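Please read the structure below before turning to the comments.
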Amino acid sequence: MAMCRILIAVFFCLSALIVSSLQAQEAPSSSGMSSGTGEVGEVGVHTDEAIPVGPFIFSPALQISWQDRDNIFFTPDNEIADQLILAKARLLFEVPVYQSYLRFSYTPQFRDYKTYELEDKWQHFFDAAASFEFSSGLTLNLAYSYIIGNLETREIDPGGEVFYGDRPFDKQWARVGGDYWITGRDGLVFNASWEDLEYDDPQLFYDYTRLTGGVGWLHQISPILVMDVSYGIIDFDAHDNEFENNGYRDSISHSLTVAFRGQVNPVIATEVRVGYGVQQFDPKPDEPQVEDFSGFIANGFISWQLAHGSLLRLDVLRMPYPSAYGDNANYLASGASLSYNLDRGKVYGQLRGRYQNNDYSRPDRITGEERSDDIYTFGLGLGVRFTYYLSLWGTYLYEDRQSLYRYSYKTNIFTLGLVLGW
């Protein structure tokens, strides 16, 4: 199965490469590439200094880090502390085609605790992406991701219900989307995606398949800011397993949202989507009768470029996510984070805080208590660039989850890392 998925990924890349060669005669108008803000110590990409390899631009990187954790299992008491070494290499290839591009990368990762023995110490991340811009006004974006992981629980549960799990999982995600500008200021936006999860431990989280689609209207508010009003639909299919029938967790979601992406002005940037969403379930009479969701939804960020190489960024979130807790089919995650990033060339750093609430509609199966998690996170980091290709960084992270007793925890994580590469 794993080999089959890798072959699918290779086929996707080759297909995108063929398309790019066929479209090389086009004269795109502007680039669709964008960049985001990462954590301190995140491996960067310097394609301007990358290594030419035939038609490719090759950007290799190696990251080695040491961590000290005082609660590796995220338990409310009897915490177990441990240290670990994490090493990962990123092999990134890019083929620029005028203002379009084809990019794919492979990142093997090795994680080893000093005392605790992981079932699998290796994780693998494969990503492919392509963007093509045509003189007709069409921009087409393709993306594919394949992950073989275990402790990367946010990949299976973005809202953070699952905070620990060392059992392997496979996850695939593919997306096609684009913009079509009918006039200089108005156009259409569309997207469709497929996501599939297979978990080795069905008691931790069930397998699922998610299909999404959307279409909307684009409007160029200014030369650097675009608005879109979109309708979206999500078909979520929770697979049954040997322990539980998950049919009652299947849902259809609809949303009507407005989004802004680009620069509000030269110092304020945003990529935020807000609107109204509905999630509908249709359980059978002998299954748990879960409540539908309807209400305000939001996801995205606003950043403010300050003086002296600093950036202030606000992230917001209000979304329903699938749940594997008790009889709950979903939970509502609401929160915000604020980060301050400083980059003075040789020295860079980050200070951030986050609050999030995960709220559940159905009580705990054992105690009958209502569950609502309040999650507080604080982090800081500092890095030093010795050369263009070599940097050293350190971070501290504190997290406090206040929930029902067995789901509560506090943790402190210290990290020291070295990055070499492009």
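The values are calculated or read from the model by the stated rules, or taken from the named source; none is laboratory data. All values derive from a computational prediction rather than experimental measurement. Note that we place each Cβ from the backbone using ideal geometry, even for glycine, and neighbour counts take in every protein chain shown.
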Taking segment 138-181, which residues are part of a loop (DSSP other than H, G, I, E, B) and among the small types (G, A, S)?
G159, G160, G165
Applying the selection to segment 179-200, what residues are of a type in the set (A, V, I, L, M, F, W, C) and out of contact with any helix residue (DSSP H, G or I) (no Cβ under 9 Å at 6 or more places or on another chain)?
W181, I182, L188, V189, F190, A192, W194
Any pair with Cβ under 6 angstrom, 6 or more apart, that starts in segment 266-286 at a residue that is assigned to a loop (DSSP other than H, G, I, E, B) and ends at one that is surrounded by 15 or more Cβ atoms within 10 Å (Cβ to Cβ):
V267/Q305; P283/Y248
Residues located in segment 200-219, provided they are buried (at least 17 other Cβ atoms within 10 Å of the Cβ) and either touching a Lys or Arg at 6+ places or on another chain (Cβ under 7 Å) or touching a residue at least 60 places away in the same chain (Cβ under 8 Å) (or both)
L204, F205, Y206, Y208
Here is a check on your reading of the model: is Q63 polar (S, T, N, Q), more than 18 Å from the chain's Cα centre (by Cα) and crowded, with 16+ Cβ neighbours inside 10 Å?
yes
In segment 361-376, anything under 19 Å from N330 (Cβ atoms) and β-branched (V, I, T) is listed as I375
Considering residues that are part of a strand (DSSP E or B) and within 22 Å of N71 (Cα to Cα), the number found within segment 402-422 is 10
Is there any pair linking a residue in segment 220-248 that is touching a residue at least 60 places away in the same chain (Cβ under 8 Å) to one that is surrounded by 14 or more Cβ atoms within 10 Å (Cβ to Cβ) and among the small types (G, A, S), with Cβ under 9 Å and at least six apart or on different chains, and which?
F236/S251; F236/S253; A238/G247; A238/S251; A238/A324; A238/A329; Y248/A238; Y248/A329
Within segment 366-385, residues being of a type outside the set (A, V, I, L, M), within 27 Å of K346 (Cα to Cα) and free of Cβ contacts under 8 Å to residues at least 40 places away in the same chain number 2
Residue in segment 226-272 that is farthest from E291 (Cα to Cα), counting only those that are of a type in the set (F, W, Y) and surrounded by 16 or more Cβ atoms within 10 Å (Cβ to Cβ):
F260
Which residues, counting only those in segment 49-59, are of a type outside the set (D, E) and surrounded by fewer than 17 Cβ atoms within 10 Å (Cβ to Cβ)?
I51, P52, V53, G54, P55, F58
Among (1) of a type outside the set (A, V, I, L, M, F, W, C); (2) farther than 30 Å from T153 by Cβ; (3) at pLDDT 60 or above; (4) surrounded by fewer than 16 Cβ atoms within 10 Å (Cβ to Cβ), where does H46 come up short?
(3)
If you scan segment 182-239, which residues turn out to be over 25 Å from R261 (Cβ atoms) and outside any loop (DSSP other than H, G, I, E, B)?
D196, L197, E198, Y199, Y208, T209, D235, F236, D237, A238
Residues being within 24 Å of D201 (Cα to Cα) and not β-branched (V, I, T) - total across segment 123-180
29
Any pair with Cβ under 7 angstrom, 6 or more apart, that starts in segment 304-320 at a residue that is at positive phi and ends at one that is charged (D, E, K, R) and surrounded by 15 or more Cβ atoms within 10 Å (Cβ to Cβ):
G309/D343
Yes or no: segment 145-157 includes at least one residue that is closer than 30 Å to F190 by Cβ, touching a strand residue (DSSP E or B) at 6+ places or on another chain (Cβ under 6 Å) and hydroxyl-bearing (S, T, Y).
yes
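For (1) of a type in the set (A, V, I, L, M, F, W, C); (2) under 23 Å from the mean Cα position of the chain (by Cα), each residue gets a yes or a no:
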{"residue": "R365", "(1), (2)": "no, no"}
{"residue": "E370", "(1), (2)": "no, no"}
{"residue": "Y376", "(1), (2)": "no, yes"}
{"residue": "R385", "(1), (2)": "no, no"}
{"residue": "W393", "(1), (2)": "yes, yes"}
{"residue": "Y405", "(1), (2)": "no, no"}
